[in-house]
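Just below is one structure, and these are the notes that go with it.
The values are calculated or read from the model by the stated rules, or taken from the named source; none is laboratory data. For clarity, every value in this text was computed on a predicted model and none was experimentally measured. Counting neighbours? That spans all protein chains shown, and the Cβs are built from the backbone with ideal geometry, glycine included.
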Amino acid sequence: MEQLTDEQLIDQIRQGDDEAYRLLIERHKHYIYTLVYRMTQHRETAEDLTQEVFIKLYRSLIYFRGESKFTTWLYRLAANVVTDYHRAQKRRPHQTLVDKLKGWFSSREEEPEAVAIQKEEQHTVQRLLSELPDKYRLILYLYHYKQLSYQEISEVTELPLKTIETRLYRGKALLKQKWQEVRDNEQAASGRSSASTISE
């Protein structure tokens with residue numbers, strides 16, 4: 001049964017096969033947990049919401065028609081669960097953006113560029129990403145780290161393709177601008193330090 005595709009497992013689940021449902025969860029729970037954790041930055045919350053995603057998945061499989069990839073459909077379901085959670089938390093004290101998103105773009109073994117970045121630079125990148133407007137962060141994450149296509153991101157976020165393209169472009173531009181500002185400030189500070197040392 002482990003050799004079955006997601007779609008074939010779904011057919012089995014619809015026929016009442018609990019083992020197929022267990023296999024589907026095992027196949028995707030790590031990816032869903034990672035996505036939810038990076039959107040909440042709290043382990044226990046991510047565990048609870050991940051369980052909720054798969055409960056809703058079971059109830060919603062009747063609506064999956066195979067018009068998009070199952071993983072895209074599942075990501076959208078997870079994103080909706082987290083969105084609902086954040087709406088429910090609005091009256092509670094907000095986490096700082098840095099706390100909320102610092103794990104999103106941490107280095108991963110399969111990404112040599114990220115691994116090569118030194119820890120101080122990683123922290124800077126995470127901070128700059130956390131300062132981006134909300135509408136850019138999830139799209140950047142899905143595109144660069146989940147490597148979803150524009151079409152898949154459109155299906156996950158339920159936004160038009162043109163909007164995805166625009167937000168990716170602007171998000172990258174903003175990040176580059178912020179990074180350059182940090183570099184300029186560091187160079188200016190270094191110059192002032194050098195001048196002070198010479199004058200002494």
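Of Thr50, Thr72, Thr83, Thr40, which residue is β-branched (Val, Ile, Thr) and in contact with an Asp or Glu (Cβ under 6 Å, 6 or more places away or on another chain)?
Matching residue, one of Thr50, Thr72, Thr83, Thr40: Thr72.
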### Task
Using the structure shown, decide if Val156 is closer than 28 Å to Leu74 by Cα, assigned to a helix (DSSP H, G or I) and at pLDDT below 80.
no
### Query
Does Ile62 satisfy the condition of being under 18 Å from Gln12 (Cβ atoms) and of a type in the set (Val, Ile, Thr)?
yes
### Message
Checking the structure you have, find out if any residue of region 141-156 is farther than 25 Å from His86 by Cα, of a type in the set (Gly, Ala, Ser) and free of Cβ contacts under 8 Å to residues at least 40 places away in the same chain.
### Response
yes
### Query
Could you count how many residues in region 42-59 are part of a helix (DSSP H, G or I) and either without any contact (Cβ under 8 Å) to a residue 12 or more places away in the chain or over 16 Å from His28 (Cα atoms) (or both)?
7
#### Entry: Single residue of region 35-78 satisfying the filter (modelled with pLDDT of 85 or more and polar (S, T, N, Q)) that is farthest from His144 (Cα to Cα)
Ser60
### Task
Show the residue pairs that are 6+ apart or on different chains and have beta-carbon atoms under 9 Å apart, the first residue being within region 171-189 and among the charged types (D, E, K, R), the second being modelled with pLDDT of 80 or more.
Lys172/Tyr136
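Only one residue in Glu113, Glu109 is out of contact with any strand residue (DSSP E or B) (no Cβ under 7 Å at 6 or more places or on another chain), assigned to a helix (DSSP H, G or I) and at pLDDT below 70. Which one?
It is Glu113.
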### Message
Given the criteria in contact with an Asp or Glu (Cβ under 7 Å, 6 or more places away or on another chain) and crowded, with 17+ Cβ neighbours inside 10 Å, does Leu23 qualify?
### Response
yes
### Message
Looking for something in a loop (DSSP other than H, G, I, E, B) and farther than 23 Å from Tyr141 by Cβ - is there at least one such residue anywhere in region 17-31?
### Response
yes
